Every structure is written in structure tokens, then in C-alpha cells.
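Undergrad: This is the structure I have questions about; it appears just below.
Rule-based calculations on the coordinates, nothing more; no lab input. Computed from a predicted model, the values in this text were never measured in an experiment. With ideal geometry, Cβ positions are generated from the backbone for all residues, glycine too; neighbour counts draw on all protein chains shown.
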């Protein structure tokens, strides 16, 4: 169904971000980071598996 297609697309985007050599200018990577920032604002899960969530929250909290 729709969820499976969305999940597959998100997995492709995450895989793309791991190998992209156009960052920080890549539109796909920028969208992924924006989505991760939106998620991270309200995430309180230690060791969250959402890409970039832990790194974003560490920067916000001032941790290296």
C-alpha cells in the first residue's frame, strides 16, 4: 500500500544521504535534514534511530 511505498522511498533517501557527494548543496539531503530537524524538536528517545536525530539533539544541547 501507500505506507510501503513511502517507507521504500524514505529508505532510498536515507541511503542516498550516506553516499551523496553533493552535500550541502543537494536538495534531497537538505529535505532529509529539514525533516530530521522537525522530528528532533519533539523527540525524547535516547538513541533514536531516525537519521541525524541524535546528532541534531546533541548540537542543540551543546554536546560535541
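Undergrad: Pairs of alpha-carbon atoms within less than 8 angstrom and 6+ residues apart define the contacts here; what relative contact order does region 2-61 have, in percent?
TA: On the way: 30 pairs, mean separation 14.2, N = 60.
Once divided by the residue count of region 2-61, the mean separation gives 24 percent.
Undergrad: Based solely on its DSSP helices, what 222 nm [θ] is calculated for the chain when runs of n ≥ 4 H residues each add -39,500 (n - 2.57) and the sum is averaged over all residues, nearest 500 deg cm²/dmol?
TA: Values: 3 runs with 43 residues, N = 64.
It lands at -22000 deg cm²/dmol.
Undergrad: Follow-up question, since we're still on this one. Ranking request for peptides 30-36, 3-9: highest mean number of other beta-carbon atoms within 10 Å first, then the rest in descending order. Write out the running numbers ahead of the final one.
TA: Details: 30-36: 15.6, 3-9: 9.1.
Per-residue Cβ counts within 10 Å, averaged per peptide and sorted highest first, yield 30-36, 3-9.
Undergrad: Note down the nm distance, to one decimal, between modelled labels 7 Å out along Cα→Cβ at residue 3 and at residue 60.
TA: Placing both labels 7 Å along Cα→Cβ, they lie 2.6 nm apart.
Undergrad: Is the shape of the chain best called rounded, prolate or oblate, per the rule: a/c under 1.5 gives rounded, else a/b larger than b/c gives prolate, else oblate, with a ≥ b ≥ c the square roots of the Cα gyration tensor eigenvalues?
TA: Numbers: a/c = 2.31, a/b = 1.30, b/c = 1.77.
Verdict is oblate for the chain.
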